[in-house]
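Each reported figure results from applying straightforward, stated rules to the coordinates on display, with no laboratory input. Since the model is a prediction, treat every value here as computed from it, not as a measurement. Methodologically, a virtual Cβ is constructed for each residue, glycine included, from the backbone with ideal geometry; neighbour enumeration extends over all protein chains shown.
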Amino acid sequence: MTNVILQPAGANSENHFRDSIEKPIPLDRIKNYLDENERSKFSSISGINAYPTWGLQKGEDNGNIKRWDSIHEGDYVIFTGTLTKIKGCYCLGTIFHKKHSVSLAKDLGRDIWTNEGPAWEYIYFLGNVRKINIPYSEITRLIGIQGFYRVNVVKPPRSDILIQGLNLENLIGTTISSKKRIRQDSKKVDFVPIEIKKDIENKSNIYETENINPQKIDVLIKDEHNLDKAILSLQRKEQGLLRRYLFHNKTLGRCGICGFNFPVDLLIAAHIKKRSKCNDAEKLDYQNIVMPMCIFGCDKLYENGYIAVKDGYITILKESESLQVKSYLDRIKRKPCSKWNSKTKIYFDWHRNSFS
């Protein structure tokens with residue numbers, strides 16, 4: 001399950017943020033403090049020679065150690081505070097790796113961080129860094145948190161509410177291996193500004209009504225600029241392109257889980273493997289990694305791990321005390337999944353294993 005880390009970093013941390021997040025730390029400076037497996041992991045990301053980096057001190061009563069211990073790869077990080085005239089949540093990223101290293105913290109403290117006080121030794125490295133503008137009130141409205149003065153690791157189920165309520169998956173455009181997002185020569189991160197408005201979620205994607213020739217979809221999907229540039233409605237252009245691929249100009253489509261036909265506005269282009277966990281190659285494998293799912297239950301049951309696909313058939317992973325949910329699960333279990341084949345099997349297996 002995915003956490004959301006609320007990381008305070010206000011005006012007092014502006015230099016720290018600018019010099020290690022906006023301007024990522026060169027890998028050449030990091031690698032001497034990594035073990036062999038870690039160096040292999042960092043080096044495997046082709047073309048990326050610098051990583052946005054943040055560190056925590058132990059904190060009062062060593063509280064930050066426990067919080068840092070609960071952070072996992074793939075978790076979301078939201079930076080909060082007052083920075084560059086933005087008060088609230090101003091930056092979003094995902095955890096690529098974490099490392100406890102006093103030596104690295106002291107090295108970075110020579111000219112990037114500060115060596116005054118305890119070391120910033122509980123370190124994490126980020127991918128998918130984005131500039132955002134989300135007011136504190138949205139966090140409070142969704143999960144009730146009002147104080148943003150210390151690191152807060154929000155865990156499921158409250159993190160699920162944040163992820164869905166703030167559309168975090170839609171704000172994250174690419175994996176850490178995107179050359180357009182983290183500069184090879186340690187220049188500033190190419191931020192994409194995104195703003196949340198209260199009524200924005202009711203607005204439709206521009207690509208839903210744009211007349212796109214289906215033959216152009218393959219080119220557009222593989223154009224990283226079109227794939228990842230966020231628009232004000234918080235929906236990736238990619239989603240509209242994927243809908244074009246799945247439905248073309250049809251008015252009806254078939255849900256890949258339950259097998260029933262629905263108007264296409266009641267179907268979504270769902271990722272078989274969780275999109276935030278996909279690498280760039282997997283995201284671009286749109287012909288195999290997306291499928292239509294209905295909003296009448298299949299999409300959320302699949303996303304939340306109630307159901308999965310094994311050897312081509314719907315299988316139940318999690319039961320429910322709700323009679324309505326139980327009845328729905330009984331109707332779809334053991335149904336054949338039309339999207340399952342030798343090319344999609346790896347994605348279905350990932351999904352099932354992630355909930356097993």
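A few comments on the model shown:
- Simple spin-label estimate for Glu36 and Arg18 gives 4.2 nm between the two label positions (7 Å along the Cα-to-Cβ direction from each Cα).
- Residues whose placed amide H lies under 5 Å from that of His100, excluding near-sequence neighbours: Ile123
- Neighbour-count order for Met293, Met1, fewest beta carbons within 10 angstrom listed first: Met1, Met293
- Interchain or long-range residues, amide H under 5 Å from Ile272's placed H: Val290, Met291
- C-alpha center-to-center spacing [segment 6-62, segment 289-356] in angstrom: 37
- Of the peptides 59-67, 266-274, the order by per-residue mean of other Cβ atoms within 10 Å, starting with the highest, comes out as 266-274, 59-67.
- Highest to lowest packing among 144-152, 156-164, 124-132, scored as the average C-beta count within 10 Å: 124-132, 156-164, 144-152
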